[in-house]
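Before any comments, here is the structure.
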Amino acid sequence: ASPHVLAAASAAVAATMGDDTAGPAAGSAGPSMLQGVPRYVTLNRLAATLANGSRHLEALPLYEQALSLRPGYARAMHNQGVALSALGRHEEAARSFVRALRQNVDAPHVWQRLRMTLFSWDSDARLGGEVGGSPGAGDAPGAGDEAEQERRARLIGLAYDRDVEALAAELGMSSASA
């Protein structure tokens, strides 16, 4: 992302920090096009701008802030999953996608991202990369053990079956973590 886009996005978030919307109460620094836009939406947009500029690690706290303001915000859950996957944190990414799918099970783009993440996780683990959501854990003894390989295969199968609750259970998510 260009420095101008990032500066504008940063100004937009700064303008929303005192209120739930970027309106006149947020101060004159906010662009008029943000008037009435909820802060969680603005935070998600800024995070997505950072992530689109390959600044995934910087985007994650902004997604968390957006989700703390609007816990059921599926778009932020999806975008968070994309950033986590790009960082090689595949299991965390899968959980984000499953949370988003619990909000809208009929979201084909989220199902596709979930499947791509699960395949990347399996591939990275087989090549000695990340296992269990911990970068570098593939170097540990037993990183490619049969139980983990079977677990990843089950997750991939469940993603193709579009079974959200079975995926959540396999990922250790309770029904309350939606």
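The values are calculated or read from the model by the stated rules, or taken from the named source; none is laboratory data. In this text the structure is predicted, and so the values were computed from the model without any measurement. Heavy atoms of the whole protein, side chains included, go into the accessibility calculation; ligands, DNA and RNA do not. Shrake-Rupley method; radii C 1.70, N 1.55, O 1.52, S 1.80 Å.
Note on His78: accessible area is roughly 20 Å² with a 1.4 Å probe, heavy atoms of protein only. The phi torsions of segment 39-48, fed into the Karplus equation with coefficients 6.51, -1.76 and 1.60 and a -60° offset, translate into couplings of 4, 4, 5, 4, 4, 4, 5, 5, 4, 5 Hz, rounded to whole numbers, with Gly and Pro shown as x.
Hey, if we sort Phe97, Phe119 by accessible area with the 1.4 Å probe, largest down, what's the order?
Working: Phe97 0, Phe119 100 Å².
Sorted by accessible area, descending: Phe119, Phe97.
Kirkwood-type hydrodynamic radius, segment 31-112: 12.7 Å, calculated from all non-identical alpha-carbon pairs.
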